[in-house]
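To keep things clear, I will list the structure first and then write my remarks on it.
Just so it is clear, none of the values below were taken in a lab; they were calculated from the coordinates. Since the structure is predicted, the reported quantities are computational estimates derived from the model, not experimental observations. Ideal geometry is used to build each Cβ from the backbone, glycine not excepted, and the neighbour counts take in all protein chains shown.
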Amino acid sequence: MATLHLPPTDIWLPFPIAAWQDTYKTLHLWTQIVGKIRLALAPKINHWWHSTLYVTPCGLTTSTIPYRTGNFQITFNFILHQLLIETSDGTTKMIELAPRSVADFYQAVFNTLKEIGIEVRIWTMPQEVVTPIPFEQDEEHASYDWEYAQRFWQILVQAERILTQFRSGYAGKCSPVHFFWGSFDLAVTRFSGQRAPEHPGGVPNMADWVTREAYSHEVSSCGFWFGDGSAEALFYAYAYPEPEGFKDYLIQPQSAFYSLDMKEFILPYETVRQANDPDAMALVFLQSTYEAAANAAQWDRTALEYNPVVKS
């Protein structure tokens, strides 16, 4: 099995979309299968935070999912290229990550869960994709490039590190840094504490009431998006509801811009990767776009922001 070994200094890796778009499409659907298992079994948490995945030192995990009197978790290990299912009674099962159809992966996961006594049902229609095929019928998407699957995770590690640092400067309600398997992005969201107007919905293959729960309160949200199989990866930032003056706010760096199509600020990943100081560029983008949202919407920044105490 191939593994990717890279120089320790080369942390912001090249990520051309043409090289991994087929793997992206398959992996997007695999993560939806695993994510929907957590969604089905975990207690509901506001804004669908009980459905997300989390970056680990080896990949992506559901984290702990309660089940009857115990718990379990499912982890994508992109170093060993395995899907691990671990339970609190000491059981560990492994499914190889390799070129295989979505239908085959779906069957393997549910057969393994049944074998260890975990019963769960999910809605098998993919979400937030234009032409969905039920998981159990999808023989079309079957690509898995070991190198780019691992590279996907290594970029997640960098994005999660930056977003976690940014998250630390907020005392108000704030989401974890978590991976949404529907939109296939890593996100962190700050809240003003105020209710928001009802969201109009309209997300492909997602019920409007789902979106309305996600955006029930005012937010300034940012993250890292891997594209949709045809668009390049990027950092993004948006506000809901978008306050007057937000899109015209002077943000940093100069290479960032507001997309009228996406209705959010964008900083291309390739721009960050080639910067003299990628960390600093990404952080100034996140901070300045948050300030655009908070200032334009007149948030109480004095009450909401936080400077961590550092002992001398």
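Rounded, prolate or oblate: pick one for region 27-97, where a ≥ b ≥ c are the square roots of the eigenvalues of its C-alpha gyration tensor, a/c under 1.5 means rounded, and failing that, prolate if a/b is larger than b/c, else oblate. Note, shape of region 27-97 comes out oblate. With the convex hull constructed from alpha-carbon coordinates only, region 265-310 shows a mean projected area of 4.4 nm² over all directions. The alpha-carbon of LYS247 sits under 19 angstrom from the alpha-carbons of these lysines, leaving out residues fewer than 8 places away in its chain: LYS263.
Top mean-square fluctuation among LEU80, LEU186, LEU39, Gaussian network model of the chain, C-alpha springs under 10 Å? Result for the chain, Cα springs under 10 Å: LEU80 fluctuates most. For LYS173, a cut-off of 21 angstrom between C-alpha atoms picks up these lysines, skipping any fewer than 8 places away in its own chain: LYS44.
Take the Cα coordinates of region 189-312, assign each an equal point scatterer, and use the Debye formula without solvent to give log10 I(q)/I(0) at q = 0.14 Å⁻¹. Each listed q maps to, in turn, -0.68.
May I ask you to derive the FRET efficiency for ILE79 and LYS114 from their Cβ-Cβ distance with R0 = 45 Å, giving the value to the nearest 0.05?
Result of the calculation: an efficiency of 0.95.
Can you compute the FRET efficiency between PHE257 and SER168 using 1/(1 + (r/R0)^6), with r the Cβ-Cβ distance and R0 = 22 Å? Round to the nearest 0.05.
Numbers: r = 27 Å, r/R0 = 1.21.
Efficiency computed from Cβ-Cβ geometry: 0.25.
Pairs of C-alpha atoms in region 17-137 farther apart than 19 Å represent 46 percent of all such pairs.
Taking only the C-alpha atoms, wrap a convex hull around the chain and report its volume per residue in Å³ as a whole number.
Output value, Cα hull per residue: 160 Å³.
Multiplying each eigenvalue of the alpha-carbon gyration tensor of region 174-252 by 5 and taking the square root yields semi-axes of 20, 18, 13 Å, largest first, rounded to whole angstroms. Could you tell me whether region 150-190 comes out rounded, prolate or oblate from its Cα gyration tensor? Rule is a ≥ b ≥ c as square roots of the eigenvalues, rounded for a/c under 1.5, then prolate if a/b exceeds b/c, otherwise oblate. It is oblate, given that a/c is not under 1.5 and a/b is not larger than b/c.
For LYS25, the aspartates and glutamates whose Cα falls under 17 Å of its own Cα, not counting residues fewer than eight places away in the same chain, are ASP104, GLU128, GLU136, ASP138, GLU139, GLU140, ASP145, GLU147, ASP185, ASP228, GLU232.
Sorting ILE85, ILE79 by the number of Cβ atoms found within 10 Å of their own Cβ, with the fewest placed first, yields ILE79, ILE85. Look at the alpha carbon pairs under 8 Å that are at least 6 residues apart: their mean separation over the length of the chain gives a relative contact order of 17 percent.
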